[in-house]
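Scroll down for the structure; my scribbles are underneath it.
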Amino acid sequence: MNSTLNYEKFKFYLQQGFLYLVDCTRALLVIAAKVNDVEIMNSLINVARGTFDVRKQYEKYFEDCDLSDNHKKSRTCSAFTDFFMCAAYHNSVAEALAASYPCFNIYQIVVHHMMNKVTPREVKNNKYEGWIDIYNSKTMNAAIDEVTNITNKLYKEADEYEKKRMREFFKRGLELELVFWDEVYYFNTPMVKAC
């Protein structure tokens, strides 16, 4: 929170995130199409729309970051999006949401942690203020809470086998999310497998 993150690393992160958001949106729409519950379908469509709209916010706040769809996905970004897309197309709704949930959840945890450590004035003077504003917004928190509520509902309704599978998908999604953050921060490209 003290603005010491190397801006080139941040640009790389945003470029990869910009690409990730397309596949995340696609996967959420595939999952929504598979849901029998119309209310959950509507919620997931709204979350997908909001996910895609984050790209516009990135472009607004970070014009200097060369955001485009012409960049190549990093290995870890590809691994995570391949895993999520594979889960969306080939697994149950519950398993696919569990695969994506670490991404939503980590952002909320990180931003809440940051906001508990700083004052609004410190955020105003931070070069990453736009990113903080995006992920600390009421809209973003509502979308993440909605994904949390849906995932929890599906988990509670699942049998023991499905619960086990959801935990496995969550764990793999979490591993891929952490490797992605590691790659961004250290500019390394570890070999990872999607599924």
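Among the listed residues L67, L29, identify the single one that is of a type in the set (A, V, I, L, M), touching a residue at least 24 places away in the same chain (Cβ under 8 Å) and touching a helix residue (DSSP H, G or I) at 6+ places or on another chain (Cβ under 8 Å).
Just one listed residue meets the conditions, L67.
Could you tell me whether the range 33-41 includes any residue that is in a helix (DSSP H, G or I), among the basic types (K, R) and modelled with pLDDT of 95 or more? So far as the range 33-41 goes, yes, one or more of its residues are in a helix (DSSP H, G or I), among the basic types (K, R) and modelled with pLDDT of 95 or more.
Does the range 30-56 hold any residues that are more than 11 Å from the chain's Cα centre (by Cα), of a type in the set (S, T, N, Q) and open to solvent by less than 70 Å² (accessible area, probe 1.4 Å), and which are they? If the condition is that a residue be more than 11 Å from the chain's Cα centre (by Cα), of a type in the set (S, T, N, Q) and open to solvent by less than 70 Å² (accessible area, probe 1.4 Å), then S43 is the only one that fits.
Scanning the range 1-24 for residues that are open to solvent by 70 Å² or more (accessible area, probe 1.4 Å) and either at pLDDT 90 or above or not in a loop (DSSP other than H, G, I, E, B) (or both) yields one hit, E8. Checked against (1) farther than 19 Å from Y20 by Cα; (2) over 18 Å from the mean Cα position of the chain (by Cα), K60 passes all but condition (1). I'd like to check something: does the range 115-131 contain any residue that is in contact with a helix residue (DSSP H, G or I) (Cβ under 7 Å, 6 or more places away or on another chain), of a type in the set (G, A, S), in a helix (DSSP H, G or I) and surrounded by fewer than 17 Cβ atoms within 10 Å (Cβ to Cβ)? There is at least one residue in the range 115-131 that is in contact with a helix residue (DSSP H, G or I) (Cβ under 7 Å, 6 or more places away or on another chain), of a type in the set (G, A, S), in a helix (DSSP H, G or I) and surrounded by fewer than 17 Cβ atoms within 10 Å (Cβ to Cβ).
If you go through the range 57-113 and pick out every residue that is open to solvent by 20 Å² or more (accessible area, probe 1.4 Å), not polar (S, T, N, Q) and not in a helix (DSSP H, G or I), you end up with 6. In summary, A27 fulfils each of the numbered conditions (1) crowded, with 17+ Cβ neighbours inside 10 Å; (2) over 16 Å from I150 (Cα atoms) with the single exception of condition (2). Would it be correct to say that F187 is modelled with pLDDT of 90 or more and among the aromatic types (F, W, Y)? For F187, the condition - modelled with pLDDT of 90 or more and among the aromatic types (F, W, Y) - is not met.
The values are calculated or read from the model by the stated rules, or taken from the named source; none is laboratory data. Note that this is a predicted model, so its numbers are computed, not measured. Neighbour counts are summed over all protein chains in view; Cβ atoms, including those assigned to glycine, are modelled from backbone coordinates with ideal geometry. Remember, those area values only see protein heavy atoms, side chains included, never the ligands or the DNA or RNA. Shrake-Rupley method; radii C 1.70, N 1.55, O 1.52, S 1.80 Å.
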